[in-house]
1. Counting only Cα, what are the radius of gyration and maximum Cα-Cα distance Dmax of the range 34-123, in Å?
2. No solvent, one uniform scatterer per C-alpha: report log10 I(q)/I(0) for the range 5-157 via the Debye equation at q = 0.10, 0.11, 0.12, 0.20 1/Å, two decimals.
3. Treating the beta-carbon of each Lys and Arg as +1 and of each Asp and Glu as -1, no other charges, what is the dipole magnitude of the range 136-182 about its Cα centre, to the nearest 20 debye?
4. What ranking, highest mean first, results for peptides 92-99, 64-71 when packing means the other Cβ atoms within 10 Å averaged over each residue?
5. On a 0 to 90 degree scale, rounded to 10, what angle separates helix 129-142 from the longest Cα axis of the chain?
6. Would you mind checking the tilt of helix 68-79 against the longest principal axis of the Cα atoms of the chain, expressed as 0 to 90 degrees and rounded to 10?
7. Can you tell which of ALA80, SER222, GLY124 lies farthest toward the positive end of the dipole of the chain, using +1 and -1 charges on the Cβ of basic and acidic side chains (Lys, Arg; Asp, Glu)?
8. How long are the semi-axes of the equivalent ellipsoid of the range 74-155, defined as square roots of 5 times the Cα gyration tensor eigenvalues? Whole Å, largest first.
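The values are calculated or read from the model by the stated rules, or taken from the named source; none is laboratory data. Bear in mind that the values here come from a model prediction, so they are computed numbers and not experimental data. Here Cβ is always computed from backbone atoms with ideal geometry, including for glycine, and neighbour counts include all displayed protein chains. Protein only, heavy atoms only, side chains kept; ligands, DNA and RNA dropped before computing areas. Shrake-Rupley method; radii C 1.70, N 1.55, O 1.52, S 1.80 Å.
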Amino acid sequence: MEAVASKPVIKVVALCGSLRKGSFNRGLLRSAIQISKDSVNGMEIEYIDISPLPMLNTDLEVDGNFPPVVEAFRQKILQADSVLFASPEYNYSVTAPLKNAIDWASRPPNCWADKAAAIVSTGGSFGGGLAQYHLRQIGIYLDLHFINKPEFHLNAFAPPAKFDSNGNLIDPQSKDRLKEVLLSLLAFTLRLKDFEQEKMATVAEDSVIKVAALSGSLRKASYNEGLIIRAGARSFPPSS
């Protein structure tokens, strides 16, 4: 009898931008972890506490080595397949503790590169949405690949009640939305892993990829179209 191939399990690290004990954003991550255990097959989420990390200071890097707590954090990021962020919005951006954690793990070699990621947030009004948009900008430079949809930013104070007195998510509809984010992150992570395997196979086989080039200028002597024509005239080996 043939053995049935087991479904791959992706490892997700969950990071919270709030250090507050009763943080609603931490409550989102607790709920996500429970949902993944109950109803999302193929996903394991591990919460990583960023509060022990010192403020970024390259003087703490001695002979190319990071402080032990920083190195342990970096290893957690490196070993993960994807990242789940939860952060409140401070001054149109993510919180200082989360930015500090991101910066430590971005020190060469960049630990974030080519990982899938998702963002959830909660707070007043827009529910932390502006922090999400800024985090996406940061992710571009770090080569983090965020899922586009569904978006999850939750007004924590609009009825019906979203959290209990301990910061636990209690709203069934919000839990359903959170599950959709996890399912999307799972699918996207697996797609990225498949893409990496296909890319390696393409390089090994010396294959040719086809690229569609579009110019945003309709001007006859467009400089931008000239860049495209010049790029198309060059010859690149598949490994470039």
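1. My reading of the Cα-based Rg and Dmax gives 14.4, 46 Å.
2. -0.34, -0.41, -0.49, -1.34
3. 60
4. 92-99, 64-71
5. Helix 129-142 sits roughly 40 degrees off the main axis of the chain.
6. Helix 68-79 sits at roughly 60 degrees to that axis.
7. Going by the charge dipole, the pick is SER222.
8. Numbers: eigenvalues 95, 36, 20 Å².
After scaling each eigenvalue by five and taking roots: 22, 13, 10 Å.
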